[in-house]
Amino acid sequence: MAFAGSTLPGQFNSCVVVPIFLPTVGRKRSLKMSRSRKARVALVRASSSEDEKQLSGTEKLLDGMSAPARYGACAAIVAGSLAAGYALGSTRNAALGGAVALGVVGGATAYALNSSAPRIAALHLHNKVATCGHPASLTKEDIDSVVNKYGISKQDEAFNAELRDLYDRYVSSVIPPGNEDLKGDEADAITKFKSTLGIDDPDAAAVHIEIGRRMFRQRLETGDRDAVTEERKAFQKLVYVSNLIFGDASKFLLPWKRVFNITDAQIEVAIRDNAQIPFKSTLSFLGRDLDERQLMKLREEQFKLKLPDEVASDLVRGYTRRQVEENISSSLEILKSRGRVMASSTSVVEELDKIVAYNDALTSLTQHADEECFPPGIGPVSVIGGAYDSDQKMPDLMQLYRAYLTEALSSGRIEDEKVAALKKLQDIFGIDNREAENIQLEVTTKVYRRRLSQVVNEGDLEAAPSKAAFLQHLCDELHFDAHKATEVHQDIYRQKLQQCVADGDLSDEDVSALLRLRVLLCIPQKTVDAAHEDICGRLFQKVVDAAISSGTKGYDYQMKAAIRKAARGLRLTKEAAIVIASKAARAVFRIYVKRSKVAETQFESSRELIKMIHFNNIVVTDLLAEIKGEAPVMSSEPVKMDPKKAEEYKWREKQKAHRQLIEDKLREEAQTEITLKDDLSLRDRTDLYRIYFLNCFIGKTAGRSFGQRVMTVRDKIELLRLAQLRGILGLTPTEVADVHIGYAEQAFREEAQFILADGQLSEERIERLNKLQKKHELPSESAQKIIKSITTAKIGGAIEEAMSQGNIPIEQIRKLRVSNVDLDKVISKGVRENAFKKIVYGIFSSGTGDFSEEEVYERIPEELGIDAYKAKKVVQDCAKKRLSSSLVQAAALLRQQNSSGVVSLLNNLLACAKAVQAEPLSWSVEEEVVDFFCIYLKGNPPEEKVARLQYLLGIDDSTALLLKESVKTGTFTIGTEEEAFEF
């Protein structure tokens, strides 16, 4: 009979099945051919006549004998052989020899007969299985009966080989092929059959390894990709089932890694992938009822299947998620079919309640005392990772959430358990807080508006002693945020206000209705004012925009009446109305300013500013007067006259209006509340003022020298306009004065530079400058500052030129400092630094030998305004250079017998050495060193300088005393010369 999973035709004993080898070409062998081979093997095994093995005559004789009978027959054969051998001997010794010889032959015969018992037992067991048709038909009693019958041991090689072959056949039949899944009972069945056969674990493990070898070889021989995949899956199932059978001992009994060159990770994958299938099958029987005993059995099944916790957790979560997804699909189907079958939303809520209850049951299990007894993954459920975890499905989930919330609020209030259920649904559906809040706000706002309308119409809110407490209780019932309720109240008030001002006017009845609504809804006065400023302000702004856009010629009594009506009828505060008017007026002001800036000439720029001044006088000033109620009421009745005189009247009125316009320009009461102070920077405003300020004057050059101009006022009207422009620009008196002073300083500077061309001041020039100061009304401080800057600049040029040439000593620089000449401004830093270098060079070349660190390092740099650190570095660099060259120059002069020059250079050497704290110098000619010291002593220098020179020249004290004595006695001569120097 065929066995499922038998993949190799030659896997049984050669006497049982004849191997059938299919021809192959290269490595190509189709899956169809492989399956046909399996079918043919199954047919061969199905015939019991071919599977049964025949016994020989002797084997049949022994097969009918029991173990005691066989043992007796063997003893009889041995005894008969001994007796026959003894009987054949003619003598006693011959008889004994014959008995021994025939006894040995009889013993060998008995041994041969007895040793064939295991093979006969194996044949008997094989034929029994062939007769039954499957190894599973064997029982432990059948095995024991064969063992007892033939008196053999299960460890006998022939019998043990048959047991292993039976075990091989059974294991191969139990493990399904690669395209079939495990059922989960394979390990138990194989373990039970192994126990029935009584085979040891090492022998059984060897059988498992051999089955794996066959699978591995067939996988290598198979060229079809699908067949290779199936064989690999079958091998993974073998590895997994084998590990379940042998448990922890599988690490030692099953050397998968060594034999098949696979890794631990591959073994873990095989175990993980195959353990999931029976676990899923067991999990599918769990159902929606979370029975603790079933969960514990599921945990035991996980341990039995050796399924890792992380994989089991994913499977459990996936199962619980699918249970929830079924309810979601049902509720969506009900919700979307509501328009066709008019299904009640109660059914949707019931489905969603099932989800919440299921989630609560899972959550409660996480708090169980024996939580470890439950499989991992038991806990709050979520659609994340499932069929509804996508952006396309989120609108459906949000629709369910909205439907549940709507139904929960259908009674006008919401229970606490519904609030908790909504939070759980939000977590299950994966809706973020912002979206959930938006849905809650949308639905709850509608319900709150409906409840609010109901309590207002029924009078409950008006009858309440505390309106705020009543509204707060209403919010609490709906779990509605009080701040959001306040926004709803404000929106209701704004809607009511828009209805009242639809005709452009607020009547007393409208005001009373708005006041009642404000009291009922507890709306603050600040909020009411803001609503009025917004809604009524927009209407008033339309009227103001129309008046502003009419310009100076179109702003007539009708516009004034419209402004007056809107300001009174809309009941705006004066401050709010002025703000609106200011915004519109400043927009027009900015247009005039922009035109003035882009004008090509100063005259065109000034003309645009004049237009802005006229607009401010005619339109803006009257507009503010109407808003404040300060303008006189003018009759709107048209003047009746003869049509013939209409044209003449119109022309006269036009002329009269023009003259009136000129007079309005001269008015000083033009408004100054609406300005461009916050729209333009101070610089832009002062520039505009300066442009028109210059336009108010005419420059004359008649009778002046070298093109000098005298500025005169163009017209007094221009000064009035200038004053009104200052008000429009929002300039303070101080800022205006700065512009005037700046212009006066510019004019004063131009004429003063002509007067002080050479930078010298005289009494006549001072008098002329004083008159010029009074003429331009310039403060005395500003005039003196300008005069000083001019003279300083003139003098500074000469000083800088002298310093750059090195013709100015430090004493003269100090005198300039005393005269308040700012050298830092009139002389560049580079010239001052060069002057310092020349001064230092002069000190080291003076021949005095004097050097003051305080003077050179501190005072002179401070007086020249240069950095003291850099100055000190310059001094030391110069001293080092001079120090190395001074001694060489002194030697040259010595050889020229120039004693005065030698003394001067030695003094310079002392000054340089003091500046850098020099070490003793070295000179190769000792006679010249002595000459240096003696020549210097003849000038009777101070002892301090003599000591410093002695140190620098490296002369010891004893030599110095001898040299001093020789100079004193007059015995000193230079070199080999007899004649001494005369000083």
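The values are calculated or read from the model by the stated rules, or taken from the named source; none is laboratory data. Keep in mind that what you see is a predicted model, and the values were worked out from it rather than measured. Positions of Cβ are backbone-derived with ideal geometry, glycine not excepted, and every protein chain shown enters the neighbour counts. These accessible areas exclude ligands, DNA and RNA; they are computed on the full protein's heavy atoms, side chains included. Shrake-Rupley method; radii C 1.70, N 1.55, O 1.52, S 1.80 Å.
Tabulated data for the structure shown
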| read-out | value |
| --- | --- |
| Subset of the stretch 510-558 (residues that are touching a His at 6+ places or on another chain (Cβ under 6 Å) and open to solvent by less than 30 Å² (accessible area, probe 1.4 Å)) | Leu521, Ile523 |
| The stretch 500-529 residues that are closer than 12 Å to Arg571 by Cβ, paired with ones that are open to solvent by 80 Å² or more (accessible area, probe 1.4 Å) (beta carbon under 8 Å, 6 or more apart) | Asp505/Lys565; Leu506/Arg571; Val511/Arg571 |
| Pro308 vs. criteria open to solvent by 20 Å² or more (accessible area, probe 1.4 Å) and in contact with a Lys or Arg (Cβ under 8 Å, 6 or more places away or on another chain) | yes |
| Positions within the stretch 172-195 being without any contact (Cβ under 8 Å) to a residue 60 or more places away in the chain and more than 58 Å from the chain's Cα centre (by Cα), in sequence order | Ala189, Ile190, Thr191, Lys192, Phe193, Lys194, Ser195 |
| Residues of the stretch 425-440 satisfying the condition of being of a type in the set (D, E, K, R) and open to solvent by less than 70 Å² (accessible area, probe 1.4 Å) | Glu435 |
| Candidates Val324, Val381, filtered to the one that is under 30 Å from Phe279 (Cβ atoms), in contact (Cβ under 8 Å) with a residue 60 or more places away in the chain and in contact with a Ser or Thr (Cβ under 7 Å, 6 or more places away or on another chain) | Val381 |
| Residues of the stretch 210-234 classified as part of a helix (DSSP H, G or I) and in contact (Cβ under 8 Å) with a residue 40 or more places away in the chain, total | 17 |
| Checking Lys594 against (1) of a type outside the set (Ser, Thr, Tyr); (2) touching a Gly at 6+ places or on another chain (Cβ under 9 Å); (3) surrounded by fewer than 20 Cβ atoms within 10 Å (Cβ to Cβ), the condition it does not meet | (2) |
| Residue among Ser582, Ser507 that alone is open to solvent by 30 Å² or more (accessible area, probe 1.4 Å) and of a type in the set (Ser, Thr, Tyr) | Ser507 |
| Flag if Thr601 is out of contact with any Pro (no Cβ under 6 Å at 6 or more places or on another chain), modelled with pLDDT under 85, among the hydroxyl-bearing types (Ser, Thr, Tyr) and open to solvent by 40 Å² or more (accessible area, probe 1.4 Å) | no |
| Boolean, Asp491 is over 30 Å from Ala408 (Cβ atoms), free of Cβ contacts under 8 Å to residues at least 40 places away in the same chain and surrounded by fewer than 17 Cβ atoms within 10 Å (Cβ to Cβ) | no |
| Qualifying helices (runs of 4 or more DSSP H) (wholly inside the stretch 314-424; at least 1 residues being of a type outside the set (A, V, I, L, M), open to solvent by 20 Å² or more (accessible area, probe 1.4 Å) and modelled with pLDDT under 85) | 338-341, 345-365 |
| Filtered residues of the stretch 246-296 (kept if surrounded by 14 or more Cβ atoms within 10 Å (Cβ to Cβ), assigned to a helix (DSSP H, G or I) and in contact with a Ser or Thr (Cβ under 8 Å, 6 or more places away or on another chain)) | Ser250 |
| Residue match in the stretch 155-165 (condition: among the charged types (D, E, K, R) and assigned to a loop (DSSP other than H, G, I, E, B)) | yes |
| So Arg451, is it in contact with a Leu (Cβ under 9 Å, 6 or more places away or on another chain) and open to solvent by 40 Å² or more (accessible area, probe 1.4 Å) | yes |
| Asp201 vs. criteria open to solvent by less than 60 Å² (accessible area, probe 1.4 Å), in contact (Cβ under 8 Å) with a residue 40 or more places away in the chain and out of contact with any Cys (no Cβ under 6 Å at 6 or more places or on another chain) | no |
| Pair list, Cβ under 8 Å, 6 or more apart: the stretch 584-599 residue free of Cβ contacts under 8 Å to residues at least 60 places away in the same chain and among the hydroxyl-bearing types (Ser, Thr, Tyr), other residue open to solvent by 40 Å² or more (accessible area, probe 1.4 Å) and part of a helix (DSSP H, G or I) | Tyr592/Lys611 |
| Of the criteria (1) over 56 Å from the mean Cα position of the chain (by Cα); (2) part of a helix (DSSP H, G or I); (3) more than 24 Å from Leu539 (Cα to Cα); (4) at pLDDT 55 or above, which one Glu626 fails | (3) |
